[in-house]
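Novice: One structure follows; several queries about it will come next.
Each value in this text was obtained by applying a stated rule to the coordinates, not by laboratory testing. No experiment lies behind these values; they were computed from the predicted model shown. Methodologically, a virtual Cβ is constructed for each residue, glycine included, from the backbone with ideal geometry; neighbour enumeration extends over all protein chains shown.
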Amino acid sequence: MKIVVAGATGLVGQAVVQAALDRNCETIAIGRRSSTLASQNIDVDFRNLPELPAADVAICALGTTIKKAGSKRAFKAVDYDAVMAFANAAKAAGIEHFIVVTAVGTNADSKVFYSSVKGLVERDLEAIGFYRLDIVQPGLLIGERAEKRFVEEILQGAAPAIDFFMRGPWRRYASITAVQLGEILINLAEQTAPGAFRHTQANWSRYAE
């Protein structure tokens, strides 16, 4: 299987590439920086994407924070504009299975800017018309990031205790390691049923095996 990955140098992207390599899948990393793990790198500017190579699946692990991006506009340029540019380029290359990592609690109509941007990108990805679209909505991600996020580090330390109370409808907010999420994404890449699917911690157990 050949997989095109956007955001391959980030926390989730690295885990995806490693999980793919463990299964002898070919990975092509699309991004501003080269991945040391991917089979091939194509360094790009998402504002002007070149034609993408043909592949079986495209996985989008692009994402930032408003603090890191520097402004709401810069955040949207990554979490909406770049994601949509990658999706449209994948569709133009004939890739019919697209997987995107967003976040739990997304809502295009939310008054919370972060949640609304994530919700808008989910809505507009569905409109592209992929044969299969998987929208993966994790809760707190556990793993070592290149940059330090103070609040996130505190939450990661408290995650085991917090997760104990994440039962029933709250289960989808539970934490997950980047490594576990990478495995889930590759398991989803192997799925062939058509349609648009949303996955949270509450319902993706069969893909976590």
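Novice: In nm², what is the average projected area of the convex hull enclosing the Cα atoms of region 2-77?
Specialist: Working: hull surface 20.0 nm².
The number I arrive at for region 2-77 is 5.0 nm².
Novice: Same structure again: Kirkwood Rh, Cα Rg: Rg to Rh for region 28-144?
Specialist: With Rh from the inverse mean 1/r over Cα pairs, Rg/Rh is 0.95.
Novice: What ranking do Arg132, Arg47, Arg198 get, fewest neighbouring Cβ atoms within 10 angstrom at the top?
Specialist: Final ranking by Cβ density, sparse to dense: Arg47, Arg198, Arg132.
Novice: Determine the alpha carbon to alpha carbon distance for each of Lys2/Lys111; Lys67/Lys118; Lys68/Lys111; Lys2/Lys91 and list only those over 27 Å. Kindly include the intermediate steps, with their values, before the conclusion.
Specialist: Details: Lys2/Lys111 39 Å; Lys67/Lys118 16 Å; Lys68/Lys111 21 Å; Lys2/Lys91 15 Å.
Those over the limit are Lys2/Lys111.
Novice: Determine, for each peptide in 13-19, 93-99, 184-190, 65-71, the mean count of other beta carbons within 10 angstrom over its residues, then list the peptides with the highest first.
Specialist: Numbers: 13-19: 25.4, 93-99: 19.1, 184-190: 21.6, 65-71: 13.0.
Taking the mean over residues of other Cβ atoms within 10 Å, the ranking is 13-19, 184-190, 93-99, 65-71.
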